[in-house]
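Engineer: Have a look at this one before I ask anything.
No lab work stands behind these numbers, since they all come straight from the coordinates. Just so we're clear, the structure is a prediction, and the values are computed from it rather than from any experiment. Here the Cβ positions follow ideal geometry from the backbone for every residue, glycine too, while neighbour counts run over all protein chains shown.
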Amino acid sequence: MAIMFVALFGTNTVHAAGTVMGTTPKASPGNVGVNFNVNVTVAEVANLYVWEMNMTFNATVLNVVNIVEGPFLQSLGSWWLDPVIDNVNGRVGAGCTLFPYPEHGADGNGVLATVTFNVLMKGKSNLHFADTKLRSWDPIGGLLVEITHTRQDGFFRCPFPDVNGDGVVNVIDGAGVSSHWYPGPPLGPLGYGIDYDIERDGIIGVTDAAKVSAYWTGPPKGPLDP
């Protein structure tokens with residue numbers, strides 16, 4: 001639908017500093033055979049009328065069960081486009097437009113959609129935004145206006161803090177986090193490594209070490225280990 005509007009009306013571009021399409025949570029845990037949800041979110045957007053996204057994932061580790069519209073545009077009266085779920089190639093696509101166009105679009109922060117995944121096996125997967133579009137509407141020019149924004153991918157791992165990929169969470173993972181501690185004193189001798197950043201927040205520190213303890217699979221087990 002949004003693509004059809006572009007063909008009819010054309011587009012322009014507005015530069016919006018700070019607008020982000022991302023996932024909540026950034027890093028998702030899950031157990032084999034169990035479903036979990038990831039919210040597709042937008043932050044610091046102004047006058048949003050249309051959004052689209054394509055997300056890729058590791059289809060050997062995850063499958064998409066469903067994707068449903070979030071409340072951000074729905075509250076203003078929206079038209080939810082039929083989503084595309086491709087569990088063979090690891091892709092999910094969705095989009096939504098306000099319809100009919102109101103005087104003003106949606107402002108602020110909110111949930112655009114919720115994707116439900118099923119965990120097929122232990123492993124990890126980036127939840128990568130291969131393509132995203134945010135659009136406003138210029139009633140004077142009769143144009144859809146592209147809203148520039150940044151993308152923040154999500155990430156999944158099972159077991160959650162299994163940083164070395166051996167299927168268990170134990171002292172080896174704890175030592176890996178310590179050796180990659182970043183930033184702040186004391187710095188780990190190996191420096192930053194994204195696999196050791198459990199929270200995917202650019203910092204490897206106390207929070208990441210606490211996650212390893214919480215999901216510990218050896219004796220004694222952590223409180224969050226199944």
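Engineer: For residue 34 and residue 148, what does the FRET efficiency come to when R0 = 25 Å and r is the distance between their Cβ atoms, rounded to the nearest 0.05? Working shown, then result.
Structural biologist: Numbers: r = 37 Å, r/R0 = 1.49.
After rounding to 0.05, the efficiency reads 0.10.
Engineer: Once the convex hull of the alpha carbons of the stretch 160-226 is built, what does its volume come to per residue, in cubic angstrom? It would help to have the intermediate numbers written out before the result.
Structural biologist: Details: hull volume 5.1 nm³, N = 67.
Dividing the Cα hull volume of the stretch 160-226 by its residue count gives 77 Å³.
Engineer: To continue, here is another question. For the stretch 109-210, what's the relative contact order in percent, using C-alpha pairs closer than 8 Å and at least 6 residues apart? Could the numbers behind the result be given before it?
Structural biologist: Working: 129 pairs, mean separation 18.5, N = 102.
Dividing the mean separation by the residue count of the stretch 109-210 yields 18 percent.
Engineer: Calculate, axis by axis, the spread of Cα positions in the stretch 87-158 along the three principal axes, and write the results as whole Å, longest axis first.
Structural biologist: Result for the stretch 87-158: principal-axis Cα extents of 53, 24, 22 Å.
Engineer: Follow-up. Each label point is 7 Å from the Cα along the Cα-to-Cβ direction; what then is the distance between the points at residue 131 and residue 111, in nm?
Structural biologist: 2.7
Engineer: Over the chain, what relative contact order in percent results from Cα pairs under 8 Å that are six or more residues apart?
Structural biologist: In percent, rounded to a whole number, it is 24.
Engineer: Could you check the spin-label model distance between residue 224 and residue 120? Points 7 Å from the Cα along Cα→Cβ, value in nm.
Structural biologist: Result: 2.5 nm between the two label points.
Engineer: Of [x] 129; [y] 178; [z] 116, which one was derived for volume of the Cα convex hull per residue in Å³ from the structure shown?
Structural biologist: Evaluating volume of the Cα convex hull per residue in Å³ on these atoms matches [x].
Engineer: So, in nm, how far is label residue 60 from label residue 164 when the simple model puts each one 7 Å beyond its Cα toward the Cβ?
Structural biologist: That separation, rounded to one decimal, is 2.1 nm.
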